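Comments concern the structure below.
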Amino acid sequence: MKKQVREFEAGMMKTEIPDFKSGDTIRVSVRIVEGEKERVQHFEGVCIRRRGGGMRETFTVRRESYGVGMERIFPMHSPRVESIEVLRKGKVRRSKLYYLRSLRGKRARIAELKETPGAKSLKQPPESTDETSQEPSPGE
Amino acid sequence: MSLGLLGKKIGMSQIFDEDGRVVPVTLIEAGPCPILQKKEKSKDGYDALQIGFDPKPKRLTNKPEMGRFTKSNVSPVRYMREIRIQDVSKYEVGQVLDVEVFKKGEKVDVTGISKGRGFAGTVKRHHTSRGPESHGSMYHRGPGSMGGSADPSRVFKGKALPGHMGNARCTTLNLQVGKTDKEKNLLVLRGSVPGHMNSYLIIRKRPKVG
């Protein structure tokens, strides 16, 4: 993309977008205009796709309500999308979760991504490695 | 017959309108365009402004070319075109037109050279329908029947046939100005314009009808 296009888009793009990816459960606050009135509606579900870059980026949120699957595609930088809230990080192995469309109920669950103590200790200096690796959390 | 500018296609992007809908836009580097010459009805038979765009270094300008730039006291440019207008008396040679000549919401026409498609078949070039792909069909993307036989013994003029497509002058009418930025010489138009990136464009205001 040309520099001038990037500059043009930079002025209109949102700066505060939470860090989320496919598999995460998110709540999107959408501004809805009904005639004169304006209200905010929430759409909660699993993000199954993020695509495009810059101003063109969109994401798809899927949810199941009353047994019917429902997907909405939101432009990331749309003024209609008021806020995005990450409710739960999901552990998934691909970036496009289209396979969820053919699954229902318990099979359509996504495991929660937890900060594993083992992975953490790799990053940190091996100062208290023994403790963290043996005892994952003090509550257990 | 109305004022215009020369420009260069930067690329496309998108914006959101007041209702939050996505609108495709084309970014154009428009102007600054120095006026090189004024054509007047009394002298030249028609009224027009000769304007330039895209400065080039003197070392790339040959002597005969340099002569015309020194005459109008303008630094050399790469692209020059005439814009037919109604009244040239308001403008002076050497005056620089910039993107401010267009206002937000105004309608413009954009002329450019369309992207070249090479030797294209009738499906692409004339939007004829294609034949079946399989089931023993041996007719896929052909041009179809050429017409009658002994009568008329010829192919009618205008028959859709393969040939060179694109790379021709072409104008897109009625594009709305979305935004102008004088500092960056940026013109934002709703919709698309002919040509590839960095191709030269002529942007004119819509002639007044009636």
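The values are calculated or read from the model by the stated rules, or taken from the named source; none is laboratory data. The shown structure was predicted, so the numbers you read here are calculated from the model rather than taken from an experiment. Every residue, glycine as well, gets a Cβ built from its backbone with ideal geometry; the counts of neighbours run over all protein chains shown. What goes into the accessible areas is simple: the full protein's heavy atoms, side chains included, and nothing from ligands, DNA or RNA. Shrake-Rupley method; radii C 1.70, N 1.55, O 1.52, S 1.80 Å.
Side notes on the structure shown:
- Residues (open to solvent by 90 Å² or more (accessible area, probe 1.4 Å) and not acidic (D, E)) located in the range B:71-118: B:K71, B:N73, B:R78, B:R81, B:R84, B:Q86, B:K90, B:K103, B:K104, B:K115, B:R117
- Meets criteria (over 29 Å from B:G11 (Cβ atoms), open to solvent by less than 70 Å² (accessible area, probe 1.4 Å) and either within 14 Å of chain B (Cβ to nearest Cβ) or free of Cβ contacts under 8 Å to residues at least 60 places away in the same chain (or both)) for A:R49: no
- As a summary of the residue check, A:L97 satisfies the conditions (1) under 20 Å from A:Q41 (Cα atoms); (2) open to solvent by less than 60 Å² (accessible area, probe 1.4 Å); (3) away from chain B (no Cβ under 14 Å); (4) out of contact with any helix residue (DSSP H, G or I) (no Cβ under 8 Å at 6 or more places or on another chain) except for the one numbered (1).
- Those strands (runs of 3 or more DSSP E) of the range B:96-210 in which 2 or more residues are within 15 Å of B:L6 (Cα to Cα) occupy B:107-113, B:169-181, B:186-190, B:200-205.
- Number of residues in the range B:28-60 that are within 14 Å of chain A (Cβ to nearest Cβ) and open to solvent by less than 20 Å² (accessible area, probe 1.4 Å): the value is 2.
- Cross-chain or 6+ apart pairs with Cβ under 6 Å, the range B:1-27 first and facing another protein chain (nearest Cβ under 9 Å) and free of Cβ contacts under 8 Å to residues at least 24 places away in the same chain, then of a type in the set (G, A, S) and surrounded by fewer than 20 Cβ atoms within 10 Å (Cβ to Cβ): B:F16/A:S78; B:G20/A:S78
- Test for A:M70: is it aliphatic (A, V, I, L, M), over 30 Å from B:M197 (Cβ atoms) and loosely packed, with under 15 Cβ neighbours inside 10 Å: yes
- Selection count, the range A:52-69, where residues are more than 14 Å from chain B (Cβ to nearest Cβ) and within 17 Å of the chain's Cα centre (by Cα): 6
- Cross-chain or 6+ apart pairs with Cβ under 6 Å, the range A:2-23 first and away from chain B (no Cβ under 14 Å), then open to solvent by 60 Å² or more (accessible area, probe 1.4 Å) and of a type outside the set (D, E, K, R): A:S22/A:S95
- The range A:24-38 - residue that is within 14 Å of chain B (Cβ to nearest Cβ) and in a strand (DSSP E or B) and, of those, farthest from B:E18 (Cα to Cα): A:V28
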